[in-house]
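**Student:** Below is a structure I'd like to ask you about.
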Amino acid sequence: MKVSCIIIDDEFPARALLQDFIGKFSHLELLGSFKSPLEALPLLQQDKVDVMFLDIQMPDITGIDFLKTLRQKPLVVLTTAYMEYAIEGYELDVLDYLVKPFAFERFMQTITKIGERLAIKTTPPAVVAAEPVKEEKIKDFMMVKADHKIYRLKYKDILYIEGLREYVAFYCKDEKIVSLESLRKLETNLPDQQFFRVHKSYIVNMEKVLAIYGNQLKLEGVTKYIPIGKSYKDAVHKKLMED
């Protein structure tokens, strides 16, 4: 099976490197190499592209903004020198994130991911129907940007989260991470079966709750008590009883 690819990057050396890497795989077919997303748009609209290697920082429109305009997207591999776009890339469900300059060995890992994803997509319906239905893998982590790094925090390792005006502090088993974020947004995005807001300044991992002491919670691995806000008290008690 041929896998059709396109490259979108405003820098010629970057396009040339990707063309060379792609050419080393007999099952990859390069349909086009473009210096602008707008040049590639007509080909993308034909729905013949399996994989798009997309740069982020480009003059006319950024790769991230271009992705947001596409209703139907091929598999997307972001290629950029800027690591800080990784979180937004994952939110747009990109397949992989290649940080320039990347070696051929790292590119091979991306090709493996492409093969695995397309193998799932192209499984004949009859075979899928005959096999037991596989449970969808539930995401068990979140990406957090702090201290010029991007942390991959597993939900099970987060004890509680404290709001600090424009910032939040993630208290984990072995570390504290402070990030520019809001509790309101986290309350919406975190899995509600595991995390619960108990105070205007606190979200706790309900799996870590050991006891209720008056209007406070005792958490596993935490020396201080977490306050329960008056407006949250009934909901917290109900949540704990349900769990």
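**Student:** Inspect all residues belonging to segment 214-237 and state whether any of them is out of contact with any helix residue (DSSP H, G or I) (no Cβ under 8 Å at 6 or more places or on another chain), closer than 28 Å to ASP93 by Cα and not basic (Lys, Arg). Outline the logic, then answer.
**Tutor:** Of the residues in segment 214-237, the ones out of contact with any helix residue (DSSP H, G or I) (no Cβ under 8 Å at 6 or more places or on another chain) are 214, 216, 218, 223-227, 229-237.
Checking the rest, the ones that are also closer than 28 Å to ASP93 by Cα come to none.
Within segment 214-237 (the criterion being out of contact with any helix residue (DSSP H, G or I) (no Cβ under 8 Å at 6 or more places or on another chain), closer than 28 Å to ASP93 by Cα and not basic (Lys, Arg)), the answer is no, since none of the residues qualifies.
**Student:** Tell me which residues, restricted to segment 205-239, are in a helix (DSSP H, G or I) and either touching a strand residue (DSSP E or B) at 6+ places or on another chain (Cβ under 6 Å) or outside the structural domain of TYR155 (by TED's automatic domain parsing) (or both).
**Tutor:** Of everything in segment 205-239, those that are in a helix (DSSP H, G or I) and either touching a strand residue (DSSP E or B) at 6+ places or on another chain (Cβ under 6 Å) or outside the structural domain of TYR155 (by TED's automatic domain parsing) (or both) turn out to be MET206, LYS208, TYR232, VAL236, LYS239.
**Student:** Scan segment 33-51 and tell me whether some residue there is under 14 Å from ILE114 (Cβ atoms), in the same structural domain as LEU118 (by TED's automatic domain parsing), within 27 Å of the chain's Cα centre (by Cα) and not in a loop (DSSP other than H, G, I, E, B).
**Tutor:** yes
**Student:** Residues that are in contact with a Pro (Cβ under 9 Å, 6 or more places away or on another chain) and either outside any helix (DSSP H, G or I) or closer than 19 Å to ILE114 by Cα (or both): does segment 9-22 have at least one?
**Tutor:** Yes: segment 9-22 contains one or more residues that are in contact with a Pro (Cβ under 9 Å, 6 or more places away or on another chain) and either outside any helix (DSSP H, G or I) or closer than 19 Å to ILE114 by Cα (or both).
So that you can scan it fast, the table gives a plain yes or no per residue for (1) touching a strand residue (DSSP E or B) at 6+ places or on another chain (Cβ under 7 Å); (2) in contact (Cβ under 8 Å) with a residue 40 or more places away in the chain; (3) acidic (Asp, Glu):
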position	(1), (2), (3)
ILE22	yes, no, no
LEU30	yes, no, no
SER33	yes, no, no
GLU39	no, no, yes
GLN46	no, no, no
LEU54	yes, yes, no
MET58	no, yes, no
ILE61	no, no, no
ILE64	no, no, no
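**Student:** What about HIS199, is it within 24 Å of TYR97 (Cβ to Cβ) and not hydroxyl-bearing (Ser, Thr, Tyr)?
**Tutor:** Here the answer is no, as HIS199 does not meet what is asked.
**Student:** Can you tell me which residues in segment 1-50 are of a type in the set (Gly, Ala, Ser) and under 18 Å from PHE66 (Cβ atoms)? Walk me through it before giving the result.
**Tutor:** Residues of segment 1-50 that are of a type in the set (Gly, Ala, Ser), as a first pass: 4, 14, 16, 23, 26, 32-33, 36, 40.
Once the filter is applied, which keeps residues that are of a type in the set (Gly, Ala, Ser) and under 18 Å from PHE66 (Cβ atoms), segment 1-50 yields ALA14, GLY32, SER33, SER36, ALA40.
**Student:** While we're here: Out of (1) exposed (fewer than 11 other Cβ atoms within 10 Å of the Cβ); (2) at pLDDT 90 or above, what's the single condition that is false for PRO124?
**Tutor:** The number of the failed condition is (2).
The values are calculated or read from the model by the stated rules, or taken from the named source; none is laboratory data. None of the values given here were measured: they were computed from a predicted structure. All Cβ positions, even for glycine, are placed from backbone atoms using ideal geometry, and neighbour counts span all protein chains on display.
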